[in-house]
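S.K.: This is the structure I have questions about; it appears just below.
A short reminder: the numbers here are calculations on the coordinates, not readings from a lab. Everything quoted here is computed from the prediction, not taken from an experiment. Cβ placement follows ideal geometry from the backbone for every residue including glycine, while neighbour counts extend to all protein chains displayed.
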Amino acid sequence: MIDEQEMPHHVVTSYTDAPTRTIAAGGVRFAYRELGRKTGVPVIFLTHLAAVLDNWDPRVVDGIAAQHPVITFDNRGVGASTGSTPDTIAAMAKDAVTFIRTLGLGQVDLLGFSMGGMIAQVIAQDEPQLVRKLILAGTGPAGGEGIKNVTRISHLDTIRGLLTFQDPKQFLFFTRTPNGRQAGREFLARLKERTQNRDKAISLRSYAAQLKAIHRWGLQQPSDLSVIHQPVLVANGESDKMVPTKNSADLARRLPDSELVIYPDAGHGGIFQFHAQFVQKALEFLGR
């Protein structure tokens, strides 16, 4: 792992080759990777439940990084980042802002997937001047329908995965149709493309803290999303079982400047199943 102070940065174009760096921010050493050009507004990727750096689809990361600087990072207490994992979305958002500011960034775009999309909403509300545009994928608003069931669904599909010797994401992120199964296998294969310097898996304690945070988010009172004036792209698959797709429609309806993309025969991981279409749409949205 590379300490931020030690090494000059060169332009990395492939997520598979992006070195893992660390930076001290707010009493935590955050592990992160960056790639893409050095100019322009960086796109900060905010990740999902149980995810570490290696859980981002390299096709999505590389696709966005072809035209924008991209930074992915491990939340506090997750993967190679130190500290203990918070059990509220609000605290995770505060950590993300601390990390972004410590990198010296004055304005960013946010791409939040699932739990990351919840974090992105809080950042946009708390630090509006920091955020230029938002992409919210496979996520929902505070108090959104069915979000409090994520713990139960995650436990069931984790057991299902163990019993069938499959990754739970095959069940959680993709539909059980032939297309969905195939997309799941291809996605999971892409996650293994990086063979060197891989991140370490999330601990059970951190996973439990994240589940608690999502559960609390699902029970929260709805917040006033009309205060988010930035352009927002909302995306999901039509059959999301983790964060039911109606939450995406609800987000798009309540955000003043939003557009909604729903992918057919796709679940929670719709942006990974339709990665080529999603990247094209995201680049068009960010480039406007």
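S.K.: Report relative contact order for the chain in percent, whole number only (criteria: Cα-Cα under 8 Å, sequence separation at least 6). Walk me through the intermediate numbers first.
M.R.: On the way: 610 pairs, mean separation 58.9, N = 288.
Rounded, it is 20 percent for the chain.
S.K.: By count of other Cβ within 10 Å, fewest leading, how are Ser226, Ser258 ordered?
M.R.: Working: Ser226 9, Ser258 19.
In order of increasing Cβ crowding within 10 Å: Ser226, Ser258.
S.K.: Place a +1 charge on the Cβ of each Lys and Arg in the range 80-162 and a -1 charge on the Cβ of each Asp and Glu, then give the dipole magnitude about the Cα centre in debye, rounded to the nearest 20. Before the final figure, lay out each step's value.
M.R.: Numbers: 7 positive and 7 negative charges, 19 e Å.
Approximately 80 debye in magnitude.
S.K.: Among Pro168, His10, Tyr263, which residue has its Cα positioned farthest towards the positive end of the charge dipole of the chain, with +1 placed on the Cβ of Lys and Arg, -1 on the Cβ of Asp and Glu, and the dipole taken about the Cα centre?
M.R.: Pro168
S.K.: Under the 0.36 nm per residue contour assumption, what length would be gained going from the current alpha-carbon distance of Asp224 and Arg37 to full extension? Could the numbers behind the result be given before it?
M.R.: Values: separation 187, 0.36 × 187 = 67.32 nm, distance 3.53 nm.
Here the segment from Asp224 to Arg37 would lengthen by 63.8 nm.
S.K.: Report the one residue of Thr177, Ala213, Leu283 whose Cα lies farthest in the direction of the positive end of the charge dipole of the chain (charges on C-beta: Lys and Arg +1, Asp and Glu -1; origin at the Cα centre).
M.R.: Positive-end residue among those listed: Thr177.
S.K.: Put a dot 7 Å past each Cα toward the Cβ at Ser84 and Glu145; how far apart are the dots in nm?
M.R.: Result for the modelled spin labels: 3.8 nm.
S.K.: If you don't mind, there's one more thing I want to ask. Place a point 7 Å from Cα of Val12 in the direction of its Cβ. Which residues in the range 37-54 have their backbone N less than 13 Å from it?
M.R.: 37, 53-54
S.K.: What translational D, rounded to a whole number of µm²/s, comes out for the range 131-231 from Stokes-Einstein when the hydrodynamic radius is the Kirkwood one over Cα pairs, at 37 °C and 0.692 mPa s? Don't skip to the answer; put the middle values down first.
M.R.: Numbers: Rh = 16.2 Å.
For the chosen part, D equals 202 µm²/s.
S.K.: Further question: Remind me, relative contact order of the range 149-244 in percent, using alpha carbon pairs under 8 angstrom and six or more residues apart? Walk me through the intermediate numbers first.
M.R.: Details: 41 pairs, mean separation 35.3, N = 96.
Answer for the range 149-244 is 37 percent.
S.K.: Treat each spin label as a single point 7 Å out from the Cα along the C-beta direction, and report the Glu284 to Arg152 distance in nm.
M.R.: Here the answer is 3.9 nm between the modelled labels.
S.K.: Dipole size in debye (nearest 20) for the range 2-287 around its Cα centre, Lys and Arg Cβ +1, Asp and Glu Cβ -1? Don't skip to the answer; put the middle values down first.
M.R.: Details: 31 positive and 28 negative charges, 113 e Å.
For the range 2-287, the charge dipole is close to 540 debye.
S.K.: May I pose another question? How much FRET efficiency would the formula 1/(1 + (r/R0)^6) give for Arg132 and Leu163, where r is the Cβ-Cβ distance and R0 is 35 Å, rounded to 0.05? Walk me through the numbers before you get to the answer.
M.R.: Numbers: r = 45 Å, r/R0 = 1.28.
Given R0 = 35 Å and the Cβ-Cβ separation, E is 0.20.
S.K.: Report the Stokes-Einstein translational diffusion coefficient (µm² s⁻¹, integer) for the range 2-287, Rh taken as the Kirkwood radius over Cα pairs, at 37 °C with viscosity 0.692 mPa s.
M.R.: Working: Rh = 18.6 Å.
In µm²/s, the coefficient is 176.
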